[in-house]
Amino acid sequence: MLQSGDRLTPVSARERIREIDMLRGFALLGVLLVNTQMFNDTLMSFSFSPFTYDSATDRTAALLIQVFATGKFYTLFSFLFGLGFYLFMERLQQKGVSPIPLFRRRLLYLLFFGVLHMIFFWYGDILTAYAFTGFLLTLFWKKNPEVLKKWIIILLLLSTLFLSFIMAGQMVRMDQLSDAQYKAYAAGVQETVELYRDGSYLDTLRFRLQYELKMVYISFMFWIPKILALFLAGLYTGKVGLFRNLSEKKSLIQKYFRRSAFIGWPLTLLYVALDAGVIPLNPFTERFIAELAKEVTTVAVCLFYLTGLLLLWQQPAWRRKLESFEQVGRLAFTHYLTQSVILTLLFYGHGLGLMHRIPIWQGVIITLMIYGLQMIISRPMLRRWGHGPMEILWRKGTYGGKLETLKRVE
């Protein structure tokens, strides 16, 4: 029980679960890979099929990103957010502190940072959606695991069907545009590209406020149910203790690794075949099944990555290699926002203006360079300060008062 005069402080380095930080750092690499491609495109055209690109190299690079990255890493991040929620709440409850008000305060700060990020840097911000969904997550804190499991199944099932239906309908409508309508649409896309690539910072800010933000906030209605399901999956995992004594759960992890591979990769092949038009079906059925397969693979392949990394972590030789992901994961908030700043300066007109001027494979090189730099600076930053600047601001806002420098792990 927290006594009068005791300080409520954030989790220390010694209290952290290293596997979670490693997974978060790995997820950040995948998020950056997808986001770099999104920065090289516009909100209006990013959802196009990889097979629509003219260059064979671009088609291959876009397809590989679609297969191995798109949707899989925000799914992993969302799961880890839910697991982090459990750990945050459990720790406070053990100290005799009512956790809900403090977590809601934490969400308000996340919402504040997310809105600033979305307005001043990039429409693709995920923090705002996480903050909104986080308030819903608090309603499930006291639910038992069986109730959580039912909600996870229901939300995943409904959101998968709904998103597949919406995306299929959108794709079919695009395919049915007349030549004049398609030319008008393409002209609008090109105009947006030129504005972002050649315009000033104020030009892009004005466009984002007038057009993009409305589209993004409307899309929240479609994505929040799935994000909530993933949050609940993380909360469920915490409540049943799956991340306690992981070395004793190797057989269970292996079972889920095999099952996720059995589901995820065949459905990935089905999605690619349908997207390429190899399987002849009527347009809506083809797109619906393709989107359905893609949505299921985001969860299955995410689980494949998660369990595979946990198995590798238990091998000393691999653990030493994965520790760099752990360092990045402890600074995920700072690195996520820094990535956006760097990418705006690379792709937008107030920087180098590279949008649509470089092929997709060069975007992959940019991703590796940015992430490699973040790997290099993470360890010395943690040694000196214990946290990144955004983590310090977020924790200061959450807990209040002056945060002391946390003791580093030697």
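The values are calculated or read from the model by the stated rules, or taken from the named source; none is laboratory data. Keep in mind that this is a model prediction, so the values were computed, not measured. With ideal geometry, Cβ positions are generated from the backbone for all residues, glycine too; neighbour counts draw on all protein chains shown. With ligands, DNA and RNA removed, areas are computed over all heavy atoms of the protein, side chains included. Shrake-Rupley method; radii C 1.70, N 1.55, O 1.52, S 1.80 Å.
Gaussian network model of the chain, Cα springs within a sub-10 Å range: biggest mean-square fluctuation belongs to which of Asp175, Asp125, Asp58?
Asp175
On full extension of the chain, what length is gained from Arg259 through Lys214, given 0.36 nm per residue of separation minus the C-alpha to C-alpha distance?
Working: separation 45, 0.36 × 45 = 16.20 nm, distance 3.95 nm.
Difference between extended and current length: 12.2 nm.
Points 7 angstrom from Cα along the Cβ direction at Arg91 and Asn245: gap in nanometres?
Label-label distance for Arg91 and Asn245, simple model: 2.3 nm.
What does the convex hull of the Cα atoms come to per residue for the range 43-145, in Å³?
130 Å³
What fraction, in whole percent, of alpha-carbon pairs in the range 118-274 exceed 26 Å separation?
51 percent
Which of the pairs Lys95/Lys239; Lys143/Lys249; Lys143/Lys255; Lys149/Lys249; Lys143/Lys250; Lys95/Lys143 have their Cα atoms more than 22 Å apart in this structure?
Listed pairs above 22 Å: Lys143/Lys249; Lys143/Lys255; Lys143/Lys250.
Provide, in order from the shortest bin, the percent of all Cα-Cα pairs of the range 304-410 in each 10 Å bin, continuing until the bin that contains the maximum pair distance.
Spelled out bin by bin, the range 304-410 gives 12, 32, 32, 20, 4 percent.
For the range 334-396, with equal point scatterers placed on the C-alpha atoms only and solvent neglected, what are the log10 I(q)/I(0) values from the Debye formula at q = 0.12, 0.14, 0.21 1/Å, to two decimals?
-0.39, -0.51, -0.89
Mind pulling the angle between the C-alpha long axis of helix 332-347 and the longest principal axis of the chain? Nearest 10 degrees, somewhere in 0 to 90.
Rounded to the nearest ten degrees, it is 30.
Compute the FRET efficiency between Lys183 and Ser55 as 1/(1 + (r/R0)^6), taking r as their Cβ-Cβ distance and R0 = 25 Å, and round to the nearest 0.05.
So, using R0 = 25 Å, E works out to roughly 0.70.
Pick from Ile152, Ile218, Ile227 the residue whose mean-square fluctuation is largest in a GNM of the chain, springs joining Cα atoms under 10 Å.
Among Ile152, Ile218, Ile227, the largest mean-square fluctuation in the Gaussian network model of the chain belongs to Ile218.
Where in the chain is the longest stretch that carries no trypsin sites (Lys or Arg not before Pro) classed as loop by DSSP and with at most 11 other Cβ atoms within 10 Å? Write out the running numbers ahead of the final one.
Working: sites that count: Arg7, Lys142, Arg244, Lys402, Lys407.
Formally, the longest exposed-site-free interval is 245-401.
Enumerate the calculated ³J(HN,Hα) couplings along the range 275-281 in order (Karplus 6.51 cos²θ - 1.76 cosθ + 1.60, θ = phi - 60°), each rounded to whole Hz, writing x wherever the residue is Gly or Pro.
The phi angles translate into 5, 7, x, 6, 9, x, 9 Hz.
Report the percentage of all Cα-Cα pairs in the range 267-349 whose separation exceeds 20 Å, rounded to a whole percent.
Details: 2106 of 3403 pairs.
Roughly 62 percent, once rounded to a whole number.
What fraction of the Cα pairs in the chain, stated in percent, has a spacing above 41 angstrom?
14 percent
May I ask you to list the aspartates and glutamates whose Cα is less than 15 Å away from that of Lys226, ignoring any residue fewer than eight positions away on the same chain?
Here the aspartates and glutamates satisfying the reach criterion relative to Lys226 are Glu291, Glu295.
Normalise the Cα radius of gyration of the range 229-383 by 2.2 N^0.38 Å (N = residues in it) and let me know the number.
1.32
With every protein chain present, what is the per residue accessible area of the chain (1.4 Å probe, Å²)?
Averaged over the residues of the chain, the accessible area is 48 Å².
Under 20 Å from a point 7 Å along the Cα-to-Cβ line of Lys321: which residues of the range 47-79 have their amide N that close?
68-69
Give me the percent of the accessible area of the range 53-93 that comes from carbon and sulfur atoms, probe 1.4 Å, all protein chains in place.
Ligands and nucleic acids excluded, carbon and sulfur reach 64 percent.
Just the number, please: carbon plus sulfur as a percent of the accessible area of the range 249-392, 1.4 Å probe, no ligands or DNA/RNA counted.
70 percent
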